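Data first, discussion second: the structure below is written as structure tokens.
The values are calculated or read from the model by the stated rules, or taken from the named source; none is laboratory data. Not measured: the values here are computed from a predicted model. Please note: Cβ atoms are built from the backbone with ideal geometry, for glycine as well, and neighbour counts cover all protein chains shown. Each accessible area value is taken on the protein alone, full model and side chains, heavy atoms only, with ligands, DNA and RNA left out. Shrake-Rupley method; radii C 1.70, N 1.55, O 1.52, S 1.80 Å.
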Amino acid sequence: MPSEHWTHPEPGDGPAAVAAQPSPEQVIAGLRATSEGGAELTQLLTPEGERVSSPQFDRYVDDIDAEALKGLYRDMVLVRRADREANAMQRQGQLGIWVPLLGQEAAQIGSGRALRKGDMAFPSYREHGVAYARGVDLKEVLGIFRCTDHSGWDYKAHGFHPYTIVIGNQVLNAAGYAMGQKFEGKVGDDDSEATICYFGDGATSQGDVHEGFVWAAVYDAPLVFFCQNNQWAISEPTERQSRLPLYQRARGYGFPGIRVDGNDVLACLAVSRWALEECRHGNGPVLIEAFTYRMDAHTTTDDPTRYRLSDELEEWKLKDPIERVRAYLARGGGADQAFFDQVQADSDAFAAELREYCFNMPEPPPERIFSNVYAESTPLLDAQREEFLSYLDGFVGAGEH
């Protein structure tokens, strides 16, 4: 029996390596492609702030003039400032944990602003920027990490599902939701709906993600799989997750995959709009690999200095998503120093508002844990609540709870 190919080569790459015997050159090329952007990287704005033309994607950002780009810049600055404030509050004991998004602002704002009102987004636990873009009050996000709430926003009104802590589990939820959109006839024209699901590079090794790929592909679900490849699954680098660039995994399931510069907000917006458009017209699903970098720890319980070098961090600082937009606006006269100063002042005020709220956040009463578990309470839940409250009443000073 002839050996099976383990990968389909790109044009010009030469023959595919055979199973159990990939050529050394292909192994090296494959590993390098997982850690470098590569020729397949879609980019519209370079790290130096220079606009790059794209025959395929320019039309998806034709409406983004200087004013609109200033809006995207402001979004990223405010979200980063909120993230840094929350990180500081966790260190001061005000939050139980925090999941930083530092460095991933462009991927989240670009894709989040590509969504329409009728669309639904399924986040993991790092998508604070997408939450902001969907109109969710970040004060409600803080409640999750202060352990006082379970995602308090109206997810239907915002088109933003509650956070999912279990790695990859939201992909199955998103696949089911998108299948429902298909079954209900909400796909097929410009006014149709679509779903987007966020996960990281590490999640691509989870079975739930692969099952979601299968179900979405079989049912042509209008689902954009948005993988934020920030290079590290906690302490495991991407090359320990895959021999191939992650976007190429889509081939095995029969749908398109694309790699975009995850630090380029214009490219993320354009590619996300394209992918969502494909899904709305019944050509889904689509996999987007946003090639970015996690500039901070995985969470505030992590110490990245134990597994990665500072040189790597310094290299990615030169690719900062916010600075490239600032450079483009300043160079082209789209914004002056007064604008940048105002945005910074607005972000500081935003952070101060979040801080004030967090420090004075009311402690929920014990019975709150039983609220909104079901649409309507059940006799069993009522009995559990009464038993729990009776147990608490047996302690000294119980009346104070």
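Ignoring lysines fewer than eight residues from residue 182 along the same chain, the ones with Cα atoms less than 22 angstrom from its Cα are 117, 156. Candidate cross-link partners of residue 70 among the aspartates and glutamates, defined by an alpha-carbon separation under 13 Å and a same-chain spacing of 8 or more, comprise 323, 336, 341.
A simple spin-label model places pseudo-atoms 7 Å from Cα toward Cβ; at residue 368 and residue 395 they are separated by 1.6 nm. Ligands, DNA and RNA are left out, and with a 1.4 angstrom probe the accessible area of the chain is 47 Å² per residue.
Look at the dipole of the chain built from charges on Cβ: of 41, 78, 216, the Cα furthest out on the positive end belongs to 41.
Its residue count N fixes a reference of 2.2 N^0.38 Å for the chain, and the Cα radius of gyration divided by that reference is 1.05. The DSSP beta bridges internal to the chain are antiparallel in roughly 20% of cases.
In the chain, taking the dipole from charged Cβ atoms about the Cα centre, the farthest positive-side position among 181, 102, 120 is held by 102. Backbone amide hydrogens, once placed in the peptide plane, bring residue 125 within less than 5 Å of 164, excluding anything fewer than 5 places away on its chain.
When the Cα positions of 301, 330, 349 are compared along the charge dipole of segment 254-357, 330 comes out farthest toward the positive end, with charges on each C-beta of Lys, Arg, Asp and Glu.
Considering only 154, 382, 83, the mean-square fluctuation computed in a Gaussian network model of the chain, springs between alpha carbons under 10 angstrom, is largest for 382. Whole-Hz Karplus values for segment 78-93 come out as 5, 5, 5, 5, 5, 4, 5, 5, 5, 4, 5, 5, 5, 5, 8, x Hz, taken residue by residue from phi with 6.51 cos²θ - 1.76 cosθ + 1.60 and θ = phi - 60°; glycine and proline positions read x.
Using a 1.4 angstrom probe on heavy atoms only, work out the carbon and sulfur share of the accessible area of the chain in %. Roughly 51 percent of what the probe reaches on the chain is carbon or sulfur.
In plain terms, the chain is cut at each of the chymotrypsin sites (Phe, Trp or Tyr not before Pro) found in a DSSP loop with at most 15 other Cβ atoms within 10 Å, and the longest leftover piece is 1-306. Per-residue 3J(HN,Hα) values for segment 98-105, derived from phi via the Karplus relation 6.51 cos²θ - 1.76 cosθ + 1.60 with θ = phi - 60°, read 9, 10, x, 10, 3, x, 10, 5 Hz in sequence order (x marks Gly and Pro). Near residue 168, once Lys and Arg are set to +1 and Asp and Glu to -1 for all other residues with Cβ below 12 Å from its Cβ, the sum equals -3.
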